[in-house]
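The values are calculated or read from the model by the stated rules, or taken from the named source; none is laboratory data. Since we're looking at a predicted model, the values are computed, not measured. FYI the Cβ positions are ideal-geometry reconstructions off the backbone, even for glycines, and counts take in every protein chain you see.
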Amino acid sequence: MFRILEKLKSKIVSWCVSERRVSIGDLHRQMHPSQCKVHTPDGNLKFVEQTTPSTIFVKTPSGYSRVKHSHKTIPYDVWEIRTDTHQLLCADDHIVIAHDGRERLCKDLVAGVDKLQTDAGVERVTSVLKLDRPAESMYDLTLDDTEHVYYTNGILSHNSWLAGAFLLWYAMFNKEQTVIILSNKNANAMEMIHRVRFIYERLPHWLKPGLADDGWNKHSVAFENDSRIISQATSDDSSRGMSGSLLFLDEFAFVRDTIADEFWGSVSPTLATGGKCIICSTPNGDTNKFAQLWRGANIPATADAPVGINGFVPVTVKWNEPPGRDDAFKQSEMAKLGVTRWEQEYECCRNDTLVEVENEFGQVLLYKISELYNQLLIGNS
């Protein structure tokens, strides 16, 4: 019902207001900004102006959403991202949405390899450049909706900080807890701490917990209630020696198998003694540690239990759940990518996907789809 009301609201807005294309800078100035100081985890100033809630709506995949706030940053180096038909000037850590729904930092995009979601469909990244020009202030929007994505120059951008908000809440309202954030890249781990700090500094004064003496740094924050949040890149000895209360693993399927296996062995004793774990990732094959944990989560511990035999509760977000993903989107993507590539990218069915096969002797064997295909080719030749 909530999603229906959100879509109806955006339709009404699109009927009742005129549509104009304006720069985020012009939009920010129209919203009567005031001065502020919001810092990054390492103490550097990032945002210098903010606005109050507005009656301005911006285009998103599901219609139009109200701009709750906008923020002006200190000057940053300017990067240029080009796709087949779009161009975007942004900071190096501006977040865009890849064709598979994953968040990507602009500086990490690879021309000719990555594909992004745009208002014209999925397009290839054709160019990624750090421009030789003076640094400029950038602008961020915060939307009053549940999706937190919007189009910037036609390229889908992201401002969803839900995970950061949950982890901050957990540390604030539970004493003597250690929250450990592990991501497949160090930059992503630092970005999560940045989001936590940004949310913290936007809280009303009466709600903010006091900070411990060591406070904020690039990879952690400590509170007066003896809880702390620590972020690291995933390695085979990440969190070794630390007693974590809550472990958050980001894009765990993209951590190298050797590291993931060794790491999981080191944290399993902590989880076995009452620690909690949240794993968030898009699939990346059927043989890695994330895939193994996913399969275990999908085998019920008891007949009616929502919990799997390994203690995890599986939650799936399918390709058609994000706004704008309908059958027309599927047909358009299949026409561009082909059926096989569509199944790999959107249906999570890759050439290393495992299937059970019963041979002529009644034996049940596990095969990769690609291996089975090759065997069938040999058998029919």
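Yes/no per residue for (1) under 21 Å from the mean Cα position of the chain (by Cα); (2) among the aliphatic types (A, V, I, L, M):
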site: 278; (1), (2): yes, yes
site: 294; (1), (2): yes, no
site: 302; (1), (2): no, no
site: 308; (1), (2): no, no
site: 317; (1), (2): yes, yes
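Condition check ((1) part of a helix (DSSP H, G or I); (2) in the same structural domain as residue 251 (by TED's automatic domain parsing); (3) at pLDDT below 70; (4) farther than 22 Å from residue 183 by Cβ) across all residues:
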| site | (1), (2), (3), (4) |
| --- | --- |
| 274 | no, yes, no, yes |
| 284 | no, yes, no, no |
| 315 | no, no, no, no |
| 348 | no, no, yes, no |
| 356 | no, no, yes, yes |
| 362 | no, no, yes, yes |
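Let's see how each residue does on (1) surrounded by 13 or more Cβ atoms within 10 Å (Cβ to Cβ); (2) within 20 Å of residue 51 (Cβ to Cβ):
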| site | (1), (2) |
| --- | --- |
| 123 | yes, no |
| 141 | yes, yes |
| 149 | yes, yes |
| 176 | no, no |
| 185 | yes, no |
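Restricting the stretch 258-279 to residues that are touching a helix residue (DSSP H, G or I) at 6+ places or on another chain (Cβ under 7 Å) and of a type outside the set (A, V, I, L, M) leaves a set whose member that is surrounded by the fewest Cβ atoms within 10 Å (Cβ to Cβ) is 261. Of (1) at negative phi; (2) among the small types (Gly, Ala, Ser); (3) touching a Ser or Thr at 6+ places or on another chain (Cβ under 9 Å), residue 112 satisfies all except one. Which? Looking at each condition in turn, residue 112 falls short on (1).
Considering only residues in the stretch 169-201 that are among the hydrophobic types (A, V, I, L, M, F, W, C) and in contact with a Pro (Cβ under 6 Å, 6 or more places away or on another chain), the one that is modelled with the highest pLDDT turns out to be 172.
Each residue in the stretch 250-272 was checked for being under 23 Å from residue 178 (Cβ atoms), charged (D, E, K, R) and modelled with pLDDT of 80 or more, and 2 pass. Within the stretch 187-222, being closer than 24 Å to residue 68 by Cβ and surrounded by fewer than 18 Cβ atoms within 10 Å (Cβ to Cβ) holds for 199, 201, 202, 203, 204, 205, 206, 207, 208, 209. Do you know which of the residues in the stretch 53-64 that are closer than 30 Å to residue 131 by Cβ and under 22 Å from the mean Cα position of the chain (by Cα) is surrounded by the most Cβ atoms within 10 Å (Cβ to Cβ)? The residue in question is 60. Being outside any helix (DSSP H, G or I) and either polar (S, T, N, Q) or surrounded by 15 or more Cβ atoms within 10 Å (Cβ to Cβ) (or both) is the requirement here; does residue 244 meet it? Yes; evaluated as a whole, the condition is true for this residue. The residue that is nearest to residue 282 (Cα to Cα), counting only those in the stretch 98-112 that are surrounded by fewer than 16 Cβ atoms within 10 Å (Cβ to Cβ) and at pLDDT 90 or above, is 110. Selection of strands (runs of 3 or more DSSP E) fully inside the stretch 57-163 by the criterion of at least 3 residues being in contact with a helix residue (DSSP H, G or I) (Cβ under 8 Å, 6 or more places away or on another chain) and acidic (Asp, Glu) returns nothing.
Yes or no, residue by residue, for (1) surrounded by fewer than 17 Cβ atoms within 10 Å (Cβ to Cβ); (2) at pLDDT 75 or above:
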| site | (1), (2) |
| --- | --- |
| 1 | yes, no |
| 8 | yes, no |
| 18 | yes, no |
| 35 | yes, yes |
| 48 | yes, yes |
| 77 | yes, yes |
| 91 | no, yes |
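When the residues of the stretch 202-249 are filtered to those that are modelled with pLDDT of 80 or more and among the acidic types (Asp, Glu), the one that is nearest to residue 272 (Cα to Cα) is 226.
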